[in-house]
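The values are calculated or read from the model by the stated rules, or taken from the named source; none is laboratory data. As the structure is a prediction and not an experimental result, all values here were calculated from the model. Glycine also receives a Cβ, built like all others from the backbone with ideal geometry; neighbour counts cover every protein chain displayed.
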Amino acid sequence: MPWIILAIALWGFFHSFNASFGVKDFCRRTLGEGFMKYYRLAFNTFAVITFLPIVLLLAAQPGEELYRVPAPWSYVMIAGQVFFAGCLLVAVIQFGVLYFIGLRQLAAQSQPRELVTSGLYAYVRHPFYTFFILFLWLTPVMTTSLLVVCLGLSLYIQVGIYFEERKLLREFGDPYARYRAVTPALFPTPKIVRNHWRSRFILKPQSSDKA
């Protein structure tokens, strides 16, 4: 258990450290602007590698079983996990798969990305985190070690949002500030859902006939 906590803490530290403006500006000054097109790809690769110890420790030290949801409710939870994993994939596609991975930035004439506020992003600002949390907590079998991982990652998401918001405000400025003011971070409010469904499926633009 202590090793799992340490692995989560170290992963969270390095993830936030590498996402900070200070590290990015340092790399820009020392390695040059040309290196920055590789930064997101290197960042994602390092994040995956440093997350592997958490997975390995969880497999080696599963801990004591806290609960096991019986069938058929366990099947419902697994179906929910599959659904939310699909939603997460949709969020990545709407964001831009190549940009998310870090490959689009490698293009010689890479264009600045646009602020995405449609699709799932019309309901929440960070659908990646939303669907990841839902996927995480729908596991039908919970152990002490897995509970530590779920709690640790859920808490770290708040840290990730902080750094992500700073980056987006720096990148997009006022447009993102306005978007943030009207769109929840993780979970949509009933008003947000109702307004978007009304505007998309109920309220139709009226055409005006001019003589």
List every residue pair whose Cβ atoms sit under 9 Å apart, with the two residues 6 or more apart in sequence or on different chains, where the first one lies in the range 72-86 and is free of Cβ contacts under 8 Å to residues at least 24 places away in the same chain and the second, anywhere, is among the basic types (Lys, Arg).
-> none
Would you be able to say whether some residue in the range 114-126 is touching a Gly at 6+ places or on another chain (Cβ under 9 Å) and within 25 Å of PHE46 (Cα to Cα)?
-> yes
Please determine, by comparing only the residues of the range 22-40 that are touching a helix residue (DSSP H, G or I) at 6+ places or on another chain (Cβ under 7 Å) and either of a type in the set (A, V, I, L, M, F, W, C) or outside any helix (DSSP H, G or I) (or both), which one is surrounded by the most Cβ atoms within 10 Å (Cβ to Cβ).
-> CYS27
Go through GLY12, GLY63 for me and flag whichever is surrounded by 12 or more Cβ atoms within 10 Å (Cβ to Cβ), touching a residue at least 24 places away in the same chain (Cβ under 8 Å) and not in a helix (DSSP H, G or I).
-> GLY63
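Table: residues versus (1) surrounded by 14 or more Cβ atoms within 10 Å (Cβ to Cβ); (2) acidic (Asp, Glu); (3) in contact with a helix residue (DSSP H, G or I) (Cβ under 8 Å, 6 or more places away or on another chain); (4) assigned to a helix (DSSP H, G or I).
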| residue | (1), (2), (3), (4) |
| --- | --- |
| LEU56 | no, no, no, yes |
| PRO70 | no, no, no, no |
| CYS87 | yes, no, yes, yes |
| VAL92 | yes, no, yes, yes |
| TYR99 | yes, no, yes, yes |
| ARG125 | yes, no, yes, no |
Mind counting the residues in the range 105-119 that are more than 18 Å from the chain's Cα centre (by Cα), surrounded by 15 or more Cβ atoms within 10 Å (Cβ to Cβ) and either of a type in the set (Phe, Trp, Tyr) or within 28 Å of VAL182 (Cβ to Cβ) (or both)?
-> 0
In the range 141-201, which helices (runs of 4 or more DSSP H) lie fully inside it and hold 2 or more residues that are closer than 30 Å to PRO2 by Cα?
-> 144-172
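Residue-by-condition table, conditions (1) closer than 26 Å to PHE14 by Cα; (2) in contact with an Asp or Glu (Cβ under 6 Å, 6 or more places away or on another chain); (3) surrounded by fewer than 15 Cβ atoms within 10 Å (Cβ to Cβ); (4) charged (D, E, K, R):
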position	(1), (2), (3), (4)
THR139	no, no, no, no
LEU146	yes, no, no, no
LEU151	yes, no, yes, no
LEU155	yes, no, yes, no
GLN158	yes, no, yes, no
PHE163	yes, no, no, no
GLU171	yes, no, yes, yes
ASP174	no, no, yes, yes
Within the bounds of the range 103-110, is there any residue that is modelled with pLDDT under 85, among the charged types (D, E, K, R) and within 21 Å of PHE46 (Cα to Cα)?
-> yes
